[in-house]
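Structure record follows, encoded as structure tokens.
Throughout, read-outs are computed from the coordinates displayed, never taken from laboratory work. Keep in mind the model is a prediction, meaning the values are calculated, not measured. All Cβ positions, even for glycine, are placed from backbone atoms using ideal geometry, and neighbour counts span all protein chains on display.
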């Protein structure tokens, strides 16, 4: 069950659109996009979260990511 967010869908969609536009502008391949986004997540956790909570936050993030992946046959 998705968790309620304190951020509006509009805020989230606007940021997502801007990030996608940057990646598309630079014609970044999928593997590099994932590397950069992963590094960004790691940096945010390491610089914004108390050390005692980092593993819990990383685990929660990984679980949320796994839950959002669709098992379709498109690719």
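Residue order for 6, 54, fewest other beta carbons within 10 angstrom first, comes to 6, 54.
Among 73, 25, a tally of other beta-carbon atoms within 10 Å of each Cβ gives an order, fewest to most, of 73, 25.
Helix 54-68 and the longest principal axis of the Cα set of the chain meet at an angle near 40°. Using the alpha-carbon positions of the chain, Rg (one decimal) and Dmax (whole number) come out as 14.5, 40 Å. Once the Cα-Cα distance is subtracted from the 0.36 nm per residue extended length, the residue 4 to residue 26 segment shows a gain of 4.6 nm. If R0 is taken as 25 Å, the Cβ-Cβ distance between residue 44 and residue 66 corresponds to a FRET efficiency of 0.85. For the chain, adding -39500 (n - 2.57) for each run of n ≥ 4 DSSP H residues and dividing by the number of residues yields -23000 deg cm²/dmol at 222 nm.
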